[in-house]
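Report on the structure given below.
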Amino acid sequence: MVTFAGGSTLTVSSYPSSDAAAQEAVVTGSTAITREDVIKAFKQDQPPDGCGVDWSQLSAGGPNATGDFKVSGTTCTTDLHIKMQNGKVVGFGFDVAA
């Protein structure tokens, strides 16, 4: 786990026996990361076919969204999520498996 100035954290986990990995960021209210920023970064980290992810599921809830918005790939074993509170990103992460 890495803790950044302001209290945001990044946790990276690796499971070599199963070729799985996970990353989770928890951001403080002082960050300016938007949901669109997170979705753009997720898309850049995916294979060209996007693993069959329905990206619109991560945008659900409108501008004042609260909740953990999740989506899974249909052609790759990947799970993505963005945690929102009153329209602000408070966390995001992904899990992948080989």
_Quick check on my filter: what residues within the range 49-69 are open to solvent by 40 Å² or more (accessible area, probe 1.4 Å) and either of a type in the set (S, T, N, Q) or in contact with a Leu (Cβ under 7 Å, 6 or more places away or on another chain) (or both)?_
S56, Q57, S59, N64, T66
*Only residues that are assigned to a loop (DSSP other than H, G, I, E, B) and surrounded by 12 or more Cβ atoms within 10 Å (Cβ to Cβ): list them for the range 1-28, please.*
F4, G7, S8, V27, T28
*asked:* Return the residues of the range 47-96 that are part of a loop (DSSP other than H, G, I, E, B) and touching an Asp or Glu at 6+ places or on another chain (Cβ under 7 Å); say none if nothing qualifies.
replied: T75
*Within the set of pairs 6 or more residues apart or between chains, which connect a residue that is more than 12 Å from H81 (Cα to Cα) inside the range 43-62 to a residue that is of a type in the set (S, T, N, Q) with Cβ atoms less than 8 Å apart?*
Q46/T78; D49/T75; C51/T74; C51/T75; C51/T78; G52/T74; G52/T75
_Members of the range 29-48 that are open to solvent by less than 30 Å² (accessible area, probe 1.4 Å) and not basic (K, R)_ = V38, I39, F42
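The values are calculated or read from the model by the stated rules, or taken from the named source; none is laboratory data. Just so you know, these numbers come straight off a predicted model, no measurement behind them. Positions of Cβ are generated from backbone atoms using ideal geometry, with glycine treated the same way; all protein chains shown enter the neighbour counts. Please note that ligands, DNA and RNA were not included when accessible areas were found on the heavy atoms of the full protein model with its side chains. Shrake-Rupley method; radii C 1.70, N 1.55, O 1.52, S 1.80 Å.
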